[in-house]
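For reference, the structure discussed in these notes is given below.
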Amino acid sequence: MTASHNMITFLSRQALTAATPMILAGVGELVGELSGVINIGIEGTMLMGCIAAYTVTGVSNHGTVGLLAAIAAGMVMAMIFAAACVWGRADQIVAGTAMDLLGVGLSGMVWMMYQNWRENLGFSTALPHGSGFSRVPIPLLHQIAFLGPVFFDQYALCYITLCLCVVVWWVLRHTRLGLIIGALGDAPEACHAAGVRVRMGRSLCLLFAGACSGAAGAYLSIMQTHAFATNMTGGQGFVVLALVIFGRWKLPGIIGGCLFFGLINSLQQTLQTARYTSQNTALHALTHVPFQFFQMLPYLAAIVALAIMSRKAPGPRYINVPWPEVKT
Amino acid sequence: MFKRFFGNIWSAAIAVALAALVCGVVLALAIGAAALLGYPPIRLADLWLRGAAGSWYALSSSCADACPLLLTGLAAGVAFRAGVLNIGAQGQFLLGALTAVALTTRMMIFHQPALVIPTALLGGAVAGGLWGLVAQYLERYRSVPVVLSTILLNFVALYLAQAALQGPLQALGTAAAQSPEIAGKYWLPLFVPYTDFHIGIILALVLAVLLWVVQQRSIFGFEARVVGLNPGTARAMKMPVTARQFQIMFISGACAGLGGAIQLLGQVHFMTAHMGNYGYAGIAVALLGRLNPLGIIISSLFFGFLDTGAYRVEESSLALPHNMANVIKALIILVMLVLAGLSLRKSRRADRRVTAPAQESAP
């Protein structure tokens, strides 16, 4: 096995690790948008997932409980959003911004109170040893060349996410349920005529999206890093939003976008260190480039990719149109 | 004419009264919730109010905090009205501040504040505007939706600013991404001494009124509104749609960039890449002000007062996290949205202006 081969394996593994939370949140957001509701506030929901997972894991000593708490927190956020947008006819863009504010505010508030509380009790705010998740190599399979380290040496939630992707893809593509979800966003009148409760359907789709975003938040705080910091999602929620458009509301496209983004991200991180250690003169010359330009790469690459593809997709027709429509 | 004018005032008064009622109820609920958590409610409310408006100084710091919010709010409001979904005020704000600090530190050798300050403000505005134009160019000629490119460009601007602040603009003797502090004579002058009332606040207010007049009373403003409501109609009426969109984007970005420059020269005086989330908060400010420049003045002041009071509460012995203010803002926006959606169905025509552009081009 050559060195470059190792490098490619490592990069691909890191790419999938970094892309997992975005894929997870993206699947949820896709289902929500297909049903006709765009949620700009996934960033806030992910943050709530982060803080819920971290604090509950810290208190209960069990990562699984934390993960469930994050999913629950995401669903609560989704319920608030659904109450405002689906049942309360609020504008989705505006309400989404408010949900983002709510998530930032509430997670920051809970974090500060949690720190005070733990310190008053004389406990550390760090996660108890062994309560966070680590990578779970799948026996035997992880020894396969290339595929093993990339696909079978990931965090547990990554496997679940990949399975979920297949299930959601199959449901959207081949089942009556998928047809209904698509119709909720494209032809709510037809759904109504067929006896489907439009608002209930949209709310359920949003609940699913909230659960996904919450779990994505948990992935960031108790799997990938074992730490919480205010605004730790760092704009990933917005990137997911962009990637759903990028993937033209098609699941494979979105996953591809997330992986592409994750790959460029892990590539730039590796380049940042490799330029100092490598003997290669071309790589070594990069030492004069400020590291921020490397950090910028994924975003620039996304813009360039979009500019090259240069084709707009319309998206679900009834996004941000409350049901039932008011005729004026 | 008479009736129309007073009819407008009447409905505006109702809207403002309703908004005030909602704000009051949510604030009362928040204080009640804090009381349940064991914080003394009266003392909390007292500290909050005093921190936000208890003295000239408190009042001035609230207004100074509202100033960048007003400008980023205008940036979002102007653009959304014209159907240009500019989410990039954050990046435009940062680049405005960056340009201002670059110009000021490079032009200090002239020792001419009267020359340097206007140049820095103008430079900041132009930088923000140009950064906005990048997104509009991508939309027009490469079919990249503005919502998307502005989100991505925000991050590009962030890392550009950090690179500059750790490179050519870095302060001596520090490893952090931070510019040197600007000498006192290049700060924006205060119009009330020993407070935070700097002339940037007046500038922002004048700009808001100016934008309102343009929006309501000029052909340019009318055309921009039509472009936002329905580009097809605008095209059929032989309006220069593309030109209007580019111009609106430039104005929007310039507002945000000016906000960054004013915040830098008037308030913080040295730059880091973490100058607050004014860009994103501006979107909420604009939407709460219903995209009307005058409404945005009120909502930005409200946000400024809430934030400043909350910071004083956090610094006090109560130590209630300042993020409480963000939660309150979010709840107020949600409640007002639902009220608008449920009860004002009949007067939805006014809302149409707010929602229609979003429906038109939302992803």
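For this structure, a couple of remarks:
- Residues located in the stretch B:272-316, provided they are at pLDDT below 85 and over 16 Å from A:A98 (Cβ atoms): B:A273, B:H274, B:M275, B:G276
- Any hit, the stretch A:254-274, residues being open to solvent by 50 Å² or more (accessible area, probe 1.4 Å) and either at pLDDT below 85 or in contact with an Asp or Glu (Cβ under 6 Å, 6 or more places away or on another chain) (or both): yes
- Residue within the stretch A:144-157 that is touching a residue at least 40 places away in the same chain (Cβ under 8 Å), open to solvent by 60 Å² or more (accessible area, probe 1.4 Å) and within 29 Å of A:I42 (Cβ to Cβ) present: yes
- Test: residue in the stretch B:156-179 that is away from chain A (no Cβ under 14 Å) and of a type in the set (F, W, Y): no
- Residue count for the stretch A:43-61, restricted to those that are open to solvent by 20 Å² or more (accessible area, probe 1.4 Å) and charged (D, E, K, R): 0
- The set of residues in the stretch B:220-231 being open to solvent by less than 40 Å² (accessible area, probe 1.4 Å) and either more than 18 Å from B:L85 (Cβ to Cβ) or out of contact with any Pro (no Cβ under 7 Å at 6 or more places or on another chain) (or both) consists of B:G221, B:E223, B:A224, B:V226, B:V227, B:P231.
- Of all residues in the stretch A:232-247, those satisfying the criterion of being touching a residue at least 24 places away in the same chain (Cβ under 8 Å), within 10 Å of another protein chain (Cβ to nearest Cβ) and more than 13 Å from A:C212 (Cβ to Cβ) are A:G235, A:F238, A:V239, A:L241, A:A242, A:L243, A:I245, A:F246.
- Cross-chain or 6+ apart pairs with Cβ under 9 Å, the stretch A:289-304 first and facing chain B (nearest Cβ under 7 Å) and of a type outside the set (A, V, I, L, M, F, W, C), then open to solvent by 50 Å² or more (accessible area, probe 1.4 Å) and part of a helix (DSSP H, G or I): A:Q292/B:L160; A:Q295/A:Q269
- Considering the stretch B:36-94, the residues that are away from every other protein chain (no Cβ under 14 Å) and among the hydroxyl-bearing types (S, T, Y) include one that is nearest to the chain's Cα centre (by Cα), namely B:S62.
- Residues satisfying the stated conditions in the stretch A:114-137, i.e. away from every other protein chain (no Cβ under 14 Å) and open to solvent by less than 50 Å² (accessible area, probe 1.4 Å): A:R118, A:T125, A:L127, A:P128, A:S131, A:G132, A:F133
- Residues (more than 11 Å from every other protein chain (Cβ to nearest Cβ) and in contact (Cβ under 8 Å) with a residue 60 or more places away in the chain) located in the stretch B:268-294: B:H269, B:F270, B:M271, B:T272, B:M275, B:G276, B:Y278, B:G279, B:G289, B:N292, B:P293, B:L294
- Filtered residue count, the stretch B:105-148, keeping only those that are in contact (Cβ under 8 Å) with a residue 24 or more places away in the chain, of a type in the set (G, A, S) and within 14 Å of chain A (Cβ to nearest Cβ): 1
- Leading residue by the ranking (farthest from A:Y54 (Cα to Cα)) among those in the stretch A:101-113 that are touching a residue at least 24 places away in the same chain (Cβ under 8 Å) and facing another protein chain (nearest Cβ under 7 Å): A:L101
- Test result for B:L21, open to solvent by 30 Å² or more (accessible area, probe 1.4 Å) and under 23 Å from the mean Cα position of the chain (by Cα): no
- Yes/no for B:R217 being open to solvent by 30 Å² or more (accessible area, probe 1.4 Å), charged (D, E, K, R) and touching a residue at least 60 places away in the same chain (Cβ under 8 Å): no
- Here A:V168 passes the criteria (1) more than 14 Å from chain B (Cβ to nearest Cβ); (2) open to solvent by 50 Å² or more (accessible area, probe 1.4 Å) except the one numbered (2).
- Residue within the stretch A:59-70 that is under 28 Å from B:I283 (Cα atoms) and at the interface with chain B (Cβ under 8 Å from one of its Cβ atoms) present: no
- Condition check for A:T97: among the hydroxyl-bearing types (S, T, Y) and at the interface with chain B (Cβ under 8 Å from one of its Cβ atoms): yes
- Some residue of the stretch B:316-327 being farther than 27 Å from B:F155 by Cβ and either assigned to a helix (DSSP H, G or I) or open to solvent by less than 10 Å² (accessible area, probe 1.4 Å) (or both): yes
- In the set B:G253, B:G276, only one residue is of a type outside the set (S, T, Y) and in a loop (DSSP other than H, G, I, E, B); that residue is B:G276.
The values are calculated or read from the model by the stated rules, or taken from the named source; none is laboratory data. Since the model is a prediction, treat every value here as computed from it, not as a measurement. Cβ: placed from backbone, ideal geometry, glycine included. Neighbour counts: every protein chain shown. Note: areas computed on protein heavy atoms with side chains; ligands, DNA, RNA excluded. Shrake-Rupley method; radii C 1.70, N 1.55, O 1.52, S 1.80 Å.
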